[in-house]
Amino acid sequence: MKTIKDIDIESKKVIIRCDFNVPIKDGNIIDDTRIKESLKTINYCIDKNCKIILLSHLGRVKEKSDLEKNNLKPVAIRLSELLDKKITFIDETRGKKLEDSVNKMKAKDIVLIQNTRYEDLDDKKESSNDEKLGTYWASLGEVFINDAFGTIHRAHASNVGIATHLPSCVGFLIEKELNALTELDNPTSPFVVILGGAKVSDKIGVIKNLVKKADQILIGGGMAFTFLKAEGYEIGNSLLDNENIDFCSQILKDHEKKIILPVDVAVTTEYSNQEEYLTKDITDIEYNEMGLDIGEKTVELFENYLKKAKIVVWNGPLGVYEFPKYKKGTDNILKYITENKIKTILGGGDIVAAATKANLKDKVYHASTGGGATLEYLEGKKLPGLEVIK
Ligand code: AMP
């Protein structure tokens, strides 16, 4: 993979596709992690005397009312504070104002273009990788640097479109993500996978791909109940993915020793944080109960496998971590892997949010910034944003 150090960018006009898709409420950025993660690449380009054009999406733009709440202006302000440098924000995605600003740029100047998905209002031009749009954006610069890992699994005009027309490479953030994820291509044994989250259907590709490489797959969260149902247990009102019971049965039959299911769970009668809960063995779940977390015996069982692991990948929380009562299983395993320094890659999305909430994210070997992208990588799929650079 061509990285930023493999390409001559000295004094050039570079286009950097960043991931500034940050949560914004009432015009205020709630979490600026993604902006901070982009600084290394931007600073490197400043040091190389580049003229820097930044592009990013923010949220989804389906109708006119989505425009204002997804305006990138607050990002320009925050980025300017973090870099301690003026950022020229262009409130449009193409046109004379943008072209004039780009033509006037001097070395180390930075221009941030409005949310690329503003183009989606017009026939989804950004998200469908409209050829003309990609060509137009590419015409603004001389080199393209993709540093938006979160959209690497999509072929959009602002990544694949531009990369088709310019010498391209990945930035430091994508390089960091790939360095961690490629360790899973030929993992050192024992390789343990932890899977949780809501639905089996979202994880079928991951299970099929990783079951070939993993020594164990520890299953928790809502998806464990479809596996338990396939084993013949009463699961009450727990989350069930009816259509995938057969898939679970088959996987359990083919890989009996590899798939490790919970032995006890925290059950209650209402999906809320108010109701009292009991921890029960999986043989004792009643028809009116639902399991919302793994129990202590399961935590211990999982820790016994993790103890021996040389590398771990974890996608999806092991319980309804949004409710304080049911985040214990996830938190205890997070504590175990961080205290024992077990080399673990958190696969984006909810599990990274859970680790952040528990103040443990920075103690984990790698926490991926892209949920969907990581999942597709783990499914063994090709990522269009990378393929075009290769
Ligand atoms: P995913 O995006 O598939 O990783 O799913 C994350 C969601 O799974 C979170 O919102 C959790 O609340 C939910 N989840 C985890 N465990 C359970 C459970 N036992 N029952 C219902 N939902 C769960």
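Computed from the coordinates by the stated procedures, all read-outs in this text should not be read as laboratory data. Because the structure is a prediction, the values reported are computed rather than measured. No Cβ is skipped: glycine too gets one built from the backbone with ideal geometry, and neighbour counts run over all protein chains shown.
Structure above, values below:
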| item | result |
| --- | --- |
| Table column - 3J(HN,Hα) (Hz), region 330-339, Karplus curve with 6.51, -1.76, 1.60, x for Gly and Pro | 4, 4, 5, 5, 4, 4, 4, 6, 7, 5 |
| Shape of region 185-378, Cα gyration tensor, a/c cut at 1.5 | oblate |
| Options Ile52, Ile311, Gly349, ranked by Cα towards positive dipole end of the chain, top entry (Cβ charges) | Ile52 |
| Cα gyration tensor, region 4-172 - rounded (a/c under 1.5), prolate or oblate | rounded |
| Relative contact order (%) - criterion: Cα under 8 Å, at least six apart; region: the chain | 15 percent |
| Prolate/oblate/rounded call for region 65-111, Cα gyration tensor, a/c under 1.5 rounded | oblate |
| Amide H partners (placed H, <5 Å) of Ile194, local residues excluded | Leu218, Val313, Trp314, Asn315 |
| Other-chain or far-sequence residues with amide H under 5 Å of Asp109's (modelled H) | Ile52 |
| Antiparallel DSSP beta bridges within the chain, percent to nearest 5 | 20 percent |
| Per residue, the convex hull volume that the Cα atoms of the chain enclose (Å³) | 147 Å³ |
| Sorted by Cβ density within 10 Å, fewest first, the residues Val265, Val312, Val102 | Val102, Val312, Val265 |
| Pairwise FRET efficiency - Asn28 versus Ser80, Cβ, R0 = 25 Å, nearest 0.05 | 0.95 |
| Gaussian network model of the chain, springs between alpha carbon atoms under 10 Å - residue of Asn159, Asn49, Asn340 with greatest fluctuation | Asn340 |
| Spin-label pair Asn179/Glu303, simplified geometry with 7 Å Cα→Cβ offset, distance in nm | 3.2 nm |
| Residues whose placed amide H lies under 5 Å from that of Asn115, excluding near-sequence neighbours | Leu72 |
| Dipole of region 4-172 [Lys/Arg +1, Asp/Glu -1 at C-beta], most positive-end residue of Asn70, Val22, Leu140 | Leu140 |
| Full-extension gain in nm, Lys97 to Glu379, via 0.36 nm per residue minus C-alpha separation | 97.3 nm |
| Under Karplus coefficients 6.51, -1.76 and 1.60, residue-wise ³J(HN,Hα) of region 256-271 in Hz, glycine/proline x | 3, 7, 7, 8, 10, 9, x, 9, 8, 9, 8, 10, 8, 10, 9, 7 |
| Charge dipole (debye, nearest 20) of region 192-247; +1 at Cβ of Lys and Arg, -1 at Cβ of Asp and Glu | 260 debye |
| When each of Lys36/Lys382; Lys2/Lys132; Lys25/Lys328; Lys97/Lys176 is checked by Cα-Cα distance, pairs over 31 Å | Lys97/Lys176 |
